[in-house]
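A.B. asks: First, the structure itself, so that you have it in front of you.
The values are calculated or read from the model by the stated rules, or taken from the named source; none is laboratory data. Keep in mind it's a predicted model, so treat the numbers as computed, not measured. We place every Cβ from the backbone using ideal geometry, glycine too, and count neighbours over all the protein chains shown.
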Amino acid sequence: MREEILDAALRLLDEGGGKGLTMRSLAARLDVTPMSLYHHVADRAGLLLALAERVYGEVLGAIAVPTNPCVEIQELLTRYHDAVGRHPQLTLEIFADPKAFAGAVQLITARLTSLLAMLTAEPVLWRDILIDHAHGSGLAIISAQANPQRAVLLREQYRHALTCLLARLGD
């Protein structure tokens, strides 16, 4: 049942944004009582955390054996950007609810910071620049949802810009 709850919650979030995802709307979508949801998730913040684990957990799990820090950073941020682009409303909700910033999202941030520490004396500054760039570009895909070709172009532009930023970092 938990997986069904998460599937339905992610669809509601993707369809209607954060305001569309309430425990009542989720229960109505699943044709259950709102109270029955609390057997599977503690509250809305717990639901968002579980969604973040599902969506962003794949980012770290899919990284190939690293050959060097820049390559791993490129892979990590490309996968993260893709996840933001697939579920931008989830990213916006995580920004709005600090309790949802945990688990996989924190692990991604920590891994990125440690990789950047191998390349620069300012890993936190570069982490913030690179993550902000991934968020901004990934969230821009919202505007391209009706135009798949534009979404592909935005992804390509992100990858190119990331390559340029990482080249500067390596200098």
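A.B. asks: Got a number for residues in segment 93-116 being closer than 18 Å to ASP128 by Cβ, part of a helix (DSSP H, G or I) and either hydrophobic (A, V, I, L, M, F, W, C) or touching a strand residue (DSSP E or B) at 6+ places or on another chain (Cβ under 7 Å) (or both)? Steps first, please.
C.D. replies: Going residue by residue through segment 93-116, those that are closer than 18 Å to ASP128 by Cβ are 94-95, 98, 101, 105-116.
From what is left, the residues that are part of a helix (DSSP H, G or I) are 94-95, 98, 105-116.
From what's left, either hydrophobic (A, V, I, L, M, F, W, C) or touching a strand residue (DSSP E or B) at 6+ places or on another chain (Cβ under 7 Å) (or both): 94-95, 105, 107-108, 110, 112, 115-116.
Residues flagged as closer than 18 Å to ASP128 by Cβ, part of a helix (DSSP H, G or I) and either hydrophobic (A, V, I, L, M, F, W, C) or touching a strand residue (DSSP E or B) at 6+ places or on another chain (Cβ under 7 Å) (or both) within segment 93-116 amount to 9.
A.B. asks: Would you mind finding the one in GLU156, GLU122 that is surrounded by 12 or more Cβ atoms within 10 Å (Cβ to Cβ) and acidic (Asp, Glu)?
C.D. replies: None of the other options fit; the residue is GLU122.
A.B. asks: Taking ILE108, is it over 19 Å from ILE5 (Cβ atoms), in contact with a Phe, Trp or Tyr (Cβ under 7 Å, 6 or more places away or on another chain) and of a type in the set (A, V, I, L, M)?
C.D. replies: Working: over 19 Å from ILE5 (Cβ atoms): yes; in contact with a Phe, Trp or Tyr (Cβ under 7 Å, 6 or more places away or on another chain): yes; of a type in the set (A, V, I, L, M): yes.
So ILE108 fits the description; yes.
A.B. asks: Please indicate, with yes or no, whether at least one residue in segment 93-112 is more than 25 Å from GLY46 (Cα to Cα), out of contact with any Gly (no Cβ under 9 Å at 6 or more places or on another chain) and free of Cβ contacts under 8 Å to residues at least 40 places away in the same chain.
C.D. replies: no
A.B. asks: If the requirement is being under 19 Å from GLY138 (Cα atoms) and among the hydroxyl-bearing types (Ser, Thr, Tyr), which of these qualifies: THR67, THR78?
C.D. replies: THR78
A.B. asks: Collect the residues in segment 17-34 that are free of Cβ contacts under 8 Å to residues at least 24 places away in the same chain and within 16 Å of ALA96 (Cα to Cα), keeping them in residue-number order.
C.D. replies: Matches in segment 17-34: LYS19, GLY20, THR22.
A.B. asks: Might you check whether a residue that is β-branched (Val, Ile, Thr) and either surrounded by fewer than 19 Cβ atoms within 10 Å (Cβ to Cβ) or more than 30 Å from GLU15 (Cα to Cα) (or both) occurs anywhere in segment 68-76?
C.D. replies: Residues of segment 68-76 that are β-branched (Val, Ile, Thr), as a first pass: 71, 73.
Within this subset, residues satisfying the condition of being either surrounded by fewer than 19 Cβ atoms within 10 Å (Cβ to Cβ) or more than 30 Å from GLU15 (Cα to Cα) (or both) are 71, 73.
Looking through segment 68-76, at least one residue is β-branched (Val, Ile, Thr) and either surrounded by fewer than 19 Cβ atoms within 10 Å (Cβ to Cβ) or more than 30 Å from GLU15 (Cα to Cα) (or both).
A.B. asks: Please work out which one of (1) assigned by TED's automatic domain parsing to the domain that holds ALA161; (2) farther than 26 Å from ALA146 by Cβ; (3) within 22 Å of the chain's Cα centre (by Cα) is the condition HIS87 fails and give its number.
C.D. replies: (2)
A.B. asks: Just one of the numbered conditions (1) modelled with pLDDT of 90 or more; (2) surrounded by 15 or more Cβ atoms within 10 Å (Cβ to Cβ); (3) aliphatic (A, V, I, L, M) is not true of LEU21; which one?
C.D. replies: Among (1) modelled with pLDDT of 90 or more; (2) surrounded by 15 or more Cβ atoms within 10 Å (Cβ to Cβ); (3) aliphatic (A, V, I, L, M), LEU21 violates only (1).
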